[in-house]
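The values are calculated or read from the model by the stated rules, or taken from the named source; none is laboratory data. As the structure is a prediction and not an experimental result, all values here were calculated from the model. Remember, those area values only see protein heavy atoms, side chains included, never the ligands or the DNA or RNA. Shrake-Rupley method; radii C 1.70, N 1.55, O 1.52, S 1.80 Å.
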Amino acid sequence: MELKGKKHCVVVIDMLNDFIGEKATLRCKNGEEIVPKIRELIDFAHDQNIQVVHVQEAHRKNDRDFRVRPVHAVKGTWGSQFIPELQPEEDKGDYVVQKRRHSAFSFTDFDLFLREEEIDTVVLTGVWTNVCVRSTASDALYHGYHVICISDGTASQDDDMHVSGLRDINIFGEIMTTEEYKEAAKIKFSQDETVV
């Protein structure tokens, strides 16, 4: 499969203590299973000089979001912190985007960061496929980016929700496994280097 776009960014959405693990307020059990795949993709991105962005839900204490969902991921609390396995690595150029709504684009500097870095393609991982991943994917399209969603690097509370999210994202983006993306990226970016 040939990849679109000239410059990619691996986006890790909400892999936080309040979503991943037994003590999580809004635990996404299936999200625990994707941690190794996301780690693999981050390591690959670092090796290939692909930008990595970690998206962190960081609500204010009385956020309106809590009218419809339990209090979770309040800025500065343990629940809003990244899980130990997927900590941002600033020494490798990782960037953190904090958000208070589902989409990483909603009232954040994510779009500005991508434009400043001349990135045209977002490669999405994280939780939940049918909520924050899907919202970020649709907003990415609205902002003019190519969208790739990693099927084994995203998860929801159950398989039906996950598949439903992937089905929606597939309307306006590409769905790939971690291995499919890595193989296609190796080919694409080695060709791009040859052209330059």
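Brief remarks on what is shown
- Interchain or long-range residues, amide H under 5 Å from V97's placed H: H54, V55, Q56
- Pairs exceeding 20 Å between alpha-carbon atoms, taken from K7/K186; K4/K186; K99/K186; K7/K92; K7/K182: K99/K186.
- Of N62, N30, N49, the one that fluctuates the most in a GNM where the chain has Cα springs shorter than 10 Å: N62
- Per residue, the accessible area of segment 111-160 comes to 38 Å², computed with a 1.4 Å probe over protein heavy atoms only.
- When the Gaussian network model of the chain links Cα atoms closer than 10 Å, the mean-square fluctuations of H143, H72, H46 top out at H143.
- Value in Å of the Kirkwood radius, where segment 79-196 supplies the Cα pairs that are averaged: 15.3
- Share of carbon and sulfur in the accessible heavy-atom surface of the chain [1.4 Å probe, %]: 49
- Euclidean distance between Cα centres, segment 142-193 to segment 15-55, Å: 15
- The long axis of helix 159-172 is offset from the longest Cα principal axis of the chain by roughly 50 degrees.
- Highest GNM mean-square fluctuation among L112, L16, L86, for the chain modelled with Cα contacts below 10 Å: L112.
- Ranked order, Y181, Y95, Y142 - accessible area, probe 1.4 Å, largest first: Y142, Y95, Y181
- F113 contributes about 20 Å² of solvent-accessible surface, heavy atoms of the protein only, 1.4 Å probe.
- Measuring only protein heavy atoms, the 1.4 Å probe finds S151 accessible over about 30 Å².
- DSSP-defined antiparallel bridges as percent of all bridges, the chain, nearest 5: 5
- Computed from backbone phi, the HN-Hα couplings of segment 92-109 come to 9, x, 4, 10, 10, 10, 9, 9, 10, 10, 4, 7, 5, 8, 6, 6, 10, 9 Hz, rounded to whole numbers (Karplus: 6.51 cos²θ - 1.76 cosθ + 1.60, θ = phi - 60°; Gly and Pro given as x).
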